[in-house]
1. Taking segment 289-315, which residues are more than 13 Å from Ala629 (Cα to Cα) and surrounded by fewer than 18 Cβ atoms within 10 Å (Cβ to Cβ)?
2. Filtering segment 357-407 down to residues that are farther than 13 Å from Cys535 by Cβ, touching a helix residue (DSSP H, G or I) at 6+ places or on another chain (Cβ under 7 Å) and assigned to a helix (DSSP H, G or I), which residue is modelled with the lowest pLDDT?
3. Of everything in segment 101-140, what is part of a loop (DSSP other than H, G, I, E, B), under 27 Å from the mean Cα position of the chain (by Cα) and either modelled with pLDDT of 95 or more or over 18 Å from Leu187 (Cβ atoms) (or both)? Give them in sequence order.
4. Please go through segment 126-140 and give me each residue that is touching a residue at least 24 places away in the same chain (Cβ under 8 Å) and of a type in the set (Asp, Glu), ordered by number.
5. So, Lys594, is that one basic (Lys, Arg), crowded, with 18+ Cβ neighbours inside 10 Å and touching a residue at least 24 places away in the same chain (Cβ under 8 Å) or not?
6. Restricting the search to segment 573-594, which residues are touching a helix residue (DSSP H, G or I) at 6+ places or on another chain (Cβ under 7 Å) and either small (Gly, Ala, Ser) or at pLDDT below 95 (or both)?
7. Between a residue in segment 156-177 that is more than 26 Å from Glu43 (Cβ to Cβ) and any residue that is of a type in the set (A, V, I, L, M) and buried (at least 24 other Cβ atoms within 10 Å of the Cβ), which pairs come within a Cβ distance under 9 Å, given they are 6 or more apart or on different chains?
8. Just to verify a result, which residue in segment 146-181, among those that are surrounded by 17 or more Cβ atoms within 10 Å (Cβ to Cβ) and among the small types (Gly, Ala, Ser), is nearest to Asp260 (Cα to Cα)?
Amino acid sequence: MITSPLASETGAFPTDDESRKFERIRTKIHDNSDEASFYVANEIADLIRQRQKSGKKVVLGLATGSTPTKVYEYLVKFHKEEGLSFKNVITFNLDEYFPMQPDSIHSYVRFMREHLFDHIDIRKENIHIPDGSLEKEDVREYCQAYEQKILKVGGIDIQVLGIGRTGHIGFNEPGSTLVSKTRLVRLDRVTKLDAASDFFGLENVPKRAITMGVGTILSAKRIILMAWGEGKSEVIAKAVEGPIKESVPATFLQHHKNCDFILDEAAASALTRVATPWLVSECQWHDGLIKKAAIWLSEKLNKAILKLTNEDYNEHGMGNLIAEIGSAEHINLIVFNQLQRTITGWPGGKPNADDSKRPERKDPYPKTSLIFSPHPDDDVISMGGTLLRLVDQGHEVHVAYQTSGNIAVFDDEVIRFLDFARDIQKDDKELQQQVVEVRDFLDKKTPGQVDSPLIQQLKGLIRKGEALAACRYCGVKEENAHFQNLPFYETGTVKKKPYSEADIQQTYDLLQRIKPHQIFAAGDLSDPHGTHRVCLNVIYRALDRLVKEKASWIKDCYVWLYRGAWQEWDIADMEMAIPIGPADMQRKKNAIFKHQSQKDSAMFPGNDEREFWQRAEQRNKETARKYNALGMAEYEAMEGFVRYHFM
C-alpha cells in the first residue's frame, strides 16, 4: 500500500544515530523532491539575508540539470513574493558543454537564464558560467582565470551539486583526482547516453565539457548534493556508504566537513538504514517491514520463504523479530500467505468467487477499466498482459493516452508517411505543398531545433495511429481509446511546462464521463524525462477533486499503479501480480510491435539500450523467477501492481 508517489510506511526509517553507522556523509531524507528543494532554497535564502544585513557578498556555486530546477523556482518565488534581493550574490556555475554557443538551446547559459537569472535582480557582472564558445587553445588559460576569480571573491560559500549515474559531480567523470581543478574533460559514455535525449540523439551530444574540478568543489565552505528518484539510489548508496575511490568521484565528498546529501525517499531507498533497517538498529516491526525483511533474507540465502529458520533470522539482524513475533515458521507462513494472495489471473476480479483474500473484488462484473498511458505505448509495454486478460475476461477496457508522444518520432518517419499520402492523393495541391514545406524544413533542421507546428501534429498522428493499431490487436474498441494530448507536454522539446488546471480539468472530465470501477496508472517514476511523474500527479489532483466533491462512483474505484518501462516494483511492494503465460507474452510483444516508430531504436531509450519489448519481457520474466524462488508457483512471466489508496 502506498499513500503518495514516494511514500513509505511509518517505522521504516530509524532516526537514532546508530541507524546511520554505515553512512560516511550526513544525509537528510525528505518525503519528496519538492519538500527537499524548499529546504535547500531556504538555506540559500537565509545565508543571502544574513550577509545582506552585514553588507557582505554571498558566493554560490550552481548546478544545472533537472535536479536543482525546483530550488531555482523557489528562489525566484522568494524574490518576487518576499522581496529577496540577489544584488549581493556572486555565482559560479559548475560546468558547460564544449563546444557550445551560449544561445544554443542546450547551453547552460540559456538554462540558467531561463530558470533563474532572468527572473531575479542579480547583477550581470556577478554571473560566471564556463565559456563553451572558446577556441580549444584558449581553454587552459580560461580555466586558470576561472579558478582565480573564485579565489578573488573569497571562495564559494555554498556549492550546489547533483550526481550522475557514474557518480560524477560536475563533469568530473570516474578517474578524476582529488586535487583536480577547472579544466576541459572528455565525457564518459554513460554520461553522454543520459544526455542523449536532450540532444535528440547520442551522435549530437558534445564529447567534451569544461568543469570545475573535484579540488575546486571541495574548497567550498559548504556543499549540498541533491538527488531525486529511484534511478539515483544505487549511486547514492555508493557515494554515502562506499569507500573513497576515483571510480566514484562523489565519494571524495566524504573528505568535506560541511557536506550534506539532501535526498527524497526514492533516492535514499538503497541506503542501509532504509533498505535493510534491521541491520543497523532495532526496528518497529509492522506487516510491510516483516514482509520486506523475510523476502530480503530469502533472496540473500537463496532459500524459499518456508525454509527459513530461527538461526537464519538471528544471524542476519532480526533476532528481535523472532522474539517479538515468535518462531521463524510463524513468520514464514504469514509472509508466504501474503505473497500467495497477491497472485491472481483475474485482474478485474473473479466473478462468483470468494474475494476476501484476492487483491481485486469480484463485483461488479464486468467492470469498466480505465488504463492511463503517459505515452502512446506505455500501456502495452508495462501492462500489456494484464490489458489482454481484462479484455479476454469481458471487461469494458478504456485507454487514455495522456500525451501525444510526438517528440519521440524520428524525422524520417514523417517523410515516409507524407510520401505515402502524396502518392495516394496526387491531385491534392495543398498536400503536395505541405510535403515540400516539411521536406524543406527537415533538410535545414539543426539538432534540437523545435519542429514546426505542422510537423509536431504529423508526429502526433503517427503515434496515434500506432496506438489504435495496438488497441485493435488487443481487442480494445477504437472508441474506447482516448487521446488527451495534455497541454503541459506540447512544447515540441524535451523540457515540458508544469502541469496546469487545464491538464487536471481534462483528466477530471474523462474520469467523470467513464466512471471506472478500476484505474491503472503509471507509477514508473524513474522515467528520465519526468513525463510519467507529471502524468501521475495530474491523475492524483483530479482524484483529489472527485473525492472532495464526493462523486458517487469514486468510493467504489480501485487505483492500481504499474511499472515496467523503466523499472519494476520490488516484490515486497507488489499487491497484485498477474501471471502471463508464453502465448500471452507473445501477444504482449506483438502489441508492442504495433508501435513501429519506436521499434529497433527509440528516440529516447534512456540508459538502457535494449528495445522496450526486450526490457518488458526480461522484467516480467524476472518477476516470475523471483516469485518462484520465494516458493511460489513457477510462471512464464508476471506483471506487478501496487494499489494507491486515495481515500
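The values are calculated or read from the model by the stated rules, or taken from the named source; none is laboratory data. The structure presented is a predicted model; accordingly, all values stated were derived computationally and were not measured. When we count neighbours, we look across all protein chains shown, and the Cβ atoms used for this are built from the backbone with ideal geometry, even at glycine. Note: accessible area is taken over every heavy atom of the protein model, side chains too, but ligands, DNA and RNA are not part of it. Shrake-Rupley method; radii C 1.70, N 1.55, O 1.52, S 1.80 Å.
1. Thr309, Asn310, Glu311, Asn314, Glu315
2. Of everything passing the filter in segment 357-407, Asn406 is modelled with the lowest pLDDT.
3. Hits for segment 101-140 are Ile105, Leu116.
4. Asp131 - this is the single residue of segment 126-140 that is touching a residue at least 24 places away in the same chain (Cβ under 8 Å) and of a type in the set (Asp, Glu).
5. yes
6. Ala577, Ala591
7. Once the first residue is more than 26 Å from Glu43 (Cβ to Cβ) and sits in segment 156-177, its partners that are of a type in the set (A, V, I, L, M) and buried (at least 24 other Cβ atoms within 10 Å of the Cβ) give Ser176/Ile169; Ser176/Val214; Thr177/Val214.
8. Gly162
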